[in-house]
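Okay, so here's the structure we're looking at.
The values are calculated or read from the model by the stated rules, or taken from the named source; none is laboratory data. In this text the structure is predicted, and so the values were computed from the model without any measurement. A quick note on method: Cβ atoms are made from the backbone with ideal geometry, for glycine too, and the neighbour counts reach across all protein chains shown.
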2 protein chains.
Amino acid sequence: MPHLPAPATRRERQREATYDEIVAVSAQLLAEGADLSLRAVAGRMGMTAPALYRYVESYQQLVDLVAFELDKAATAEWRAAAERFPADDPAARLTVACVRFRQWALAKPREFALVFANPIAEADTHRRELLTVSTSGHYFTDLLGEIWERTRFPYPRLDELDPVIREAVLEPLIPAKSDHIPAEERGLLWIYMRAWSALYGVVTLESTGHCDPRVIASGQLFRATLLDWLAPLGLDDDRTRITGILDAELARD
Amino acid sequence: MPHLPAPATRRERQREATYDEIVAVSAQLLAEGADLSLRAVAGRMGMTAPALYRYVESYQQLVDLVAFELDKAATAEWRAAAERFPADDPAARLTVACVRFRQWALAKPREFALVFANPIAEADTHRRELLTVSTSGHYFTDLLGEIWERTRFPYPRLDELDPVIREAVLEPLIPAKSDHIPAEERGLLWIYMRAWSALYGVVTLESTGHCDPRVIASGQLFRATLLDWLAPLGLDDDRTRITGILDAELARD
DNA sequence: CAGTTTCGTTAACGCCGTTAACCGTAAACG
DNA sequence: CGTTTACGGTTAACGGCGTTAACGAAACTG
C-alpha cells in the first residue's frame, strides 16, 4: 500500500527501492545472528561500503533507520494478531498485543535491543524525534485510549499532576503524536507512561536475560505484571475473561 | 579489607594488582566517555593489547569483569548512603538505596548499560553465574528480607506458586545466594523478583533515555513506581515518612 | 645451577567506520 | 538536441578494533 501516490521521477523510485533493500538486508543479517555493519550490508547488496553513505550519513543513522522499520514491522505483526478480536474489544486486543510484544522480544533479543534498549543521549534531538514517532508507542497509546472510552477508568486531572508532567502531556515532544486527545484528557498519557514503564521493564528484563531462565520460560513474571494492570484500567469485571485470553496467548508459544 | 588473608607468593600479589589496575583503568575510560577496548586499556597501562590475554580470555570477559566490579563499587556507594538510617529501619534504607541506584543509572548510563542492560544469551552459563553473584542483587534482597522481618507483609506460600517458580526459588541457580532463607519463606523471593522487575523497568527506561527527558528530570515516574510498592511491603503506616525520605533524597539531586 | 612457567613483546590477519579522489551515466536544462 | 550538472557508484587509504602466533626475557622452582 503506497501511501505516497507515485514517487514521480524514476530516480526517486530507484532510490526508494535501494532504501528498502538496505532495510531488508539489514533485517536479514540480524535474523541470521550476524551483526549489523555497513560493510556487511553493502557486501550483500553487491556494493561497497562507502556507497551506503549516499543513503545514510553514518552507521548510527543506519541503526536508527533499521530500528524504526523493525518497530514498524513488529507492530504490524502484533496488530494483526490482536485483530483476531473485534475492534470493540480493545482490552482483548491489548492483551494479545502485549503478549506478542514479549514473544517478539524473547525470540529476537538482538532486534529488541536495537529498537528498545538503544541508549539515546540527552542532547541527541534527532534520535529523540524518531523515538516519539515510534509506531509501537502509537499503537499501545491508541489501545489504551479505546479501553478508556469503554471503562472510563480514573486518571489524574491535570491539576493533580506534577507541573513538569503536566507540561509533558500537554505538549509532547512531537505534536502530531497525540493531537486527537483533548487537553482535559491528557492525564491519560500519565497512565500510559506508567503502564508502558511496567511492561517495558519486565520485557526488557526477560529479553536481556537478566533473570533466572526458568522464570522467563514460565512467563509468570510477565503474566503477573499484566494482571496487576487490570484493575487500574477498569477491567476488573473482565478479569477472568482477560486472564483466559492471556494464558491462551502465552500457551500459544 | 582483604578477605583473602595474604596472596602468599609475590607473583600472585603482582597479578592481583594488575587485575585491579585493569579494572581501575577501565572504569576511568568509561567515566571519560571513551569506549572500553582492550587496546585502550592496555595502552593506558603501558602495555600492548595481546598482553591482556594473560588476564582475560576475551573482550567479553573483560566487560564481565568490569561490570562485576562496577556493580560492587556502586552497591557500596548506595549502601553507604543508605546507612545514614539505622539498621533497624530497613524501609528507609531501601528507599535511599533505590534512589541512589537511579541516580547512578542516570549519571552513568554507559556503566549502567554495561552492568544491567548487557544481553546475556540463554546458553551462556558462565555469564549467568556472574549474574547470580550480583552484589546489588544481594543487597536489595537482604533489605527486602529485613523489611519482611518487621512488617511481615504477605507473600505467596510455596504451594500457591507456579511449579516452575517454586523450583526457581527453592533452588536458585547459585545455591550460595539465598541459603539463609528457610525453604518455607522462599515465597519472599517471588516478591523480590516482582519488585526488582518494577524498579529495573523504570530505571532502565530512564537511563537509556526512551522517555520524554522532562519526565525523567521530574523523577515522577520513578517516584510513583516506588510508592506503589509501599502497600505490598506492609509499609502503609510508614507512608508519609517514607514519602518524605524519598522526596528529600530525590531533591538531593 | 638448569628447567620451567609467567608475562610481556612484535607482527600480522581480517574485520570495522569513515574520508578523499575519481568517474560513468542518467537526468535536467537551455 | 547537445551540454551541463548531479547522482550513485568505484578504489585506495587511514586509524582503530579483537584476536592469534611466534618469540623472548625475567621470575620462580627443583
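Would you check which residues across the stretch A:11-62 are within 14 Å of another protein chain (Cβ to nearest Cβ) and either within 12 Å of DNA strand C (Cβ to nearest atom) or closer than 19 Å to A:V133 by Cβ (or both) and list them? Break it down stepwise before answering.
Initially, the stretch A:11-62 is screened for residues within 14 Å of another protein chain (Cβ to nearest Cβ), giving A:30, A:33, A:35, A:59-60.
Within the stretch A:11-62, A:D35, A:Y59, A:Q60 qualify.
Tell me, which residue of the stretch A:193-224 that is among the aromatic types (F, W, Y) and crowded, with 22+ Cβ neighbours inside 10 Å is nearest to the chain's Cα centre (by Cα)? Steps first, please.
To start, the set of residues in the stretch A:193-224 that are among the aromatic types (F, W, Y) comprises A:196, A:200, A:222.
Next, only the ones that are crowded, with 22+ Cβ neighbours inside 10 Å stay: A:200, A:222.
On the way: A:Y200: 10, A:F222: 17 Å.
That would be A:Y200.
Could you tell me which residue of the stretch A:116-171 is nearest to the chain's Cα centre (by Cα), considering only residues that are acidic (D, E) and within 13 Å of another protein chain (Cβ to nearest Cβ)? Let's see the steps before the verdict.
To start, the set of residues in the stretch A:116-171 that are acidic (D, E) comprises A:122, A:124, A:129, A:142, A:146, A:149, A:159-160, A:162, A:167, A:171.
Narrowing the set further to residues that are within 13 Å of another protein chain (Cβ to nearest Cβ) leaves A:122, A:124, A:129, A:160, A:162, A:167, A:171.
Working: A:E122: 20, A:D124: 20, A:E129: 14, A:E160: 28, A:D162: 26, A:E167: 23, A:E171: 21 Å.
Filtering first and then ranking leaves A:E129.
Return yes or no: is A:D71 of a type in the set (D, E) and either near DNA strand C (Cβ under 8 Å from one of its atoms) or within 24 Å of A:V115 (Cα to Cα) (or both)?
Values: of a type in the set (D, E): yes; either near DNA strand C (Cβ under 8 Å from one of its atoms) or within 24 Å of A:V115 (Cα to Cα) (or both): yes.
When the stated conditions are applied, A:D71 passes them.
Let's see how each residue does on (1) within 7 Å of DNA strand D (Cβ to nearest atom); (2) aliphatic (A, V, I, L, M):
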| residue | (1), (2) |
| --- | --- |
| B:E21 | no, no |
| B:V25 | no, yes |
| B:L30 | no, yes |
| B:R39 | yes, no |
| B:M45 | no, yes |
| B:A49 | yes, yes |
| B:Y55 | no, no |
| B:Q60 | yes, no |
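Would you check which residues across the stretch A:172-184 are under 18 Å from A:E146 (Cα atoms) and more than 14 Å from chain B (Cβ to nearest Cβ) and list them? Talk me through it step by step, then tell me what you get.
Narrowing the stretch A:172-184 to residues under 18 Å from A:E146 (Cα atoms): A:177-184.
A:D179, A:H180, A:I181, A:P182, A:A183, A:E184 - these are the residues of the stretch A:172-184 that are under 18 Å from A:E146 (Cα atoms) and more than 14 Å from chain B (Cβ to nearest Cβ).
Run down B:D71, B:D35 and say which single residue is under 24 Å from B:G209 (Cα atoms) and near DNA strand D (Cβ under 10 Å from one of its atoms).
None of the other options fit; the residue is B:D35.
Return the total of residues in the stretch B:105-115 being over 13 Å from the mean Cα position of the chain (by Cα) and either more than 10 Å from chain A (Cβ to nearest Cβ) or at pLDDT below 85 (or both). Give the derivation first.
Initially, the stretch B:105-115 is screened for residues over 13 Å from the mean Cα position of the chain (by Cα), giving B:106-110.
From what is left, the residues that are either more than 10 Å from chain A (Cβ to nearest Cβ) or at pLDDT below 85 (or both) are B:107-108.
Result for the stretch B:105-115: 2.
Return yes or no: is A:A51 modelled with pLDDT under 95 and farther than 23 Å from A:G201 by Cβ? Before the answer, list the steps.
Working: modelled with pLDDT under 95: no; farther than 23 Å from A:G201 by Cβ: yes.
Spelling it out, it is not the case that A:A51 is modelled with pLDDT under 95 and farther than 23 Å from A:G201 by Cβ.
Rundown of residues vs (1) hydrophobic (A, V, I, L, M, F, W, C); (2) under 27 Å from A:L199 (Cα atoms), yes/no style:
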{"position": "A:G43", "(1), (2)": "no, no"}
{"position": "A:A67", "(1), (2)": "yes, yes"}
{"position": "A:K72", "(1), (2)": "no, yes"}
{"position": "A:E77", "(1), (2)": "no, yes"}
{"position": "A:F85", "(1), (2)": "yes, yes"}
{"position": "A:A97", "(1), (2)": "yes, yes"}
{"position": "A:Q103", "(1), (2)": "no, yes"}
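Go through the stretch B:185-216 and report how many residues are within 7 Å of chain A (Cβ to nearest Cβ) and within 16 Å of B:C98 (Cα to Cα). Walk me through how you get there before you give the answer.
So the first thing to find is which residues in the stretch B:185-216 are within 7 Å of chain A (Cβ to nearest Cβ), and the list is B:193-194, B:197-198, B:200-202, B:204-205, B:208-210, B:212-215.
Remaining after also requiring within 16 Å of B:C98 (Cα to Cα): B:193-194, B:197-198, B:200-202, B:204-205.
Number of matching residues: 9.
Using the structure shown, decide if A:L235 is surrounded by 20 or more Cβ atoms within 10 Å (Cβ to Cβ) and away from chain B (no Cβ under 11 Å).
On the way: surrounded by 20 or more Cβ atoms within 10 Å (Cβ to Cβ): yes; away from chain B (no Cβ under 11 Å): yes.
It is true that A:L235 is surrounded by 20 or more Cβ atoms within 10 Å (Cβ to Cβ) and away from chain B (no Cβ under 11 Å).
Out of all the residues in the stretch B:196-219, is one or more outside any helix (DSSP H, G or I) and either outside the structural domain of B:A81 (by TED's automatic domain parsing) or modelled with pLDDT of 95 or more (or both)? Before the answer, list the steps.
First, pick out the residues of the stretch B:196-219 that are outside any helix (DSSP H, G or I): B:209-212, B:219.
In the following step, the residues that additionally are either outside the structural domain of B:A81 (by TED's automatic domain parsing) or modelled with pLDDT of 95 or more (or both) were identified as B:219.
Checked against the condition, which is being outside any helix (DSSP H, G or I) and either outside the structural domain of B:A81 (by TED's automatic domain parsing) or modelled with pLDDT of 95 or more (or both), the stretch B:196-219 yields at least one hit.
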